[in-house]
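S.K.: Structure incoming, see below.
The values are calculated or read from the model by the stated rules, or taken from the named source; none is laboratory data. Here the structure is a predicted model, which is why all the values come from computation and not from measurement. All Cβ positions, even for glycine, are placed from backbone atoms using ideal geometry, and neighbour counts span all protein chains on display. Accessible surface areas use protein heavy atoms only, side chains included; no ligands, DNA or RNA. Shrake-Rupley method; radii C 1.70, N 1.55, O 1.52, S 1.80 Å.
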Amino acid sequence: NHNQKLRFYISGAITNFASIITRGTSNFLFSIPKRIIEALIIFLLVFYLLKSGDFIWKKGRELLPLKETHKDALLKKFSGTIKGILYGYIIIAIIEGIIGWVTFSLVGADIALLLGIIIAIMALIPMIGASIILVPAAIIYFLAGTPIKGIIMLIAAFIIIILDLWGRAKIIGERTDIHPAVVALGVLGGLITFGAVGIIIGPLILSLLITSIDIYQKEKDSFVFNCVKK
């Protein structure tokens, strides 16, 4: 009787867990087309900003009550941040694609190169990433009775998560002369506030804010110096 109750509770727990996984997987799969559209919007936005950013800034800078040197500093930061974000995402996507290719080659997959290319493409899609390929592959290998291959997949997925969280922020930070932690904060805040396009808007706002604070500090010091001199 005790064993029957135990089996009943275990069976119920497994059923509930499977139901949660199924709902989560279903919601995630249905969200993929939306994420792909968002990724296309992001790249179109980046392309437009790179192509017409100088024109937009030329019109906007006339409204700024700043010295020309400060306007140039803001323009440089604006352009550098956009290019840094694009550069960071492309470089990390290529690296993750190579990791995926090597990983699937190690476990003997016949289509390792194709899977690596797919992983590189998935890495460009916000809030999906390359783990959508590696984690299910790990589960399949575990269920197939080849845990070593599953562990290799999980290790690769972990490395890619680190690249997503820190590697990309570091690359963007080096290109924009901003600390990677600040870039990561900008990306996270942008995603929460603006959705997928926040990966551009968040770091851009933060970088321009930091530059604006630097300009204010210089002007403040200059104002104090002139007052003391008088």
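S.K.: In the stretch 122-136, is there at least one residue being open to solvent by 50 Å² or more (accessible area, probe 1.4 Å), assigned to a helix (DSSP H, G or I), over 27 Å from LEU204 (Cβ atoms) and of a type outside the set (Lys, Arg)?
M.R.: The answer is yes, given that some residue of the stretch 122-136 is open to solvent by 50 Å² or more (accessible area, probe 1.4 Å), assigned to a helix (DSSP H, G or I), over 27 Å from LEU204 (Cβ atoms) and of a type outside the set (Lys, Arg).
S.K.: Pairs please, first residue from the stretch 167-179 and under 12 Å from LEU86 (Cβ atoms), second anywhere and among the charged types (D, E, K, R), Cβ atoms under 8 Å, 6+ apart in sequence or on different chains.
M.R.: From the stretch 167-179, the pairs are ARG175/LYS83; THR176/LYS77.
S.K.: Which condition does ALA144 not pass, out of (1) modelled with pLDDT of 80 or more; (2) under 16 Å from ILE82 (Cβ atoms), if it passes all the others?
M.R.: The single condition ALA144 does not satisfy is (2).
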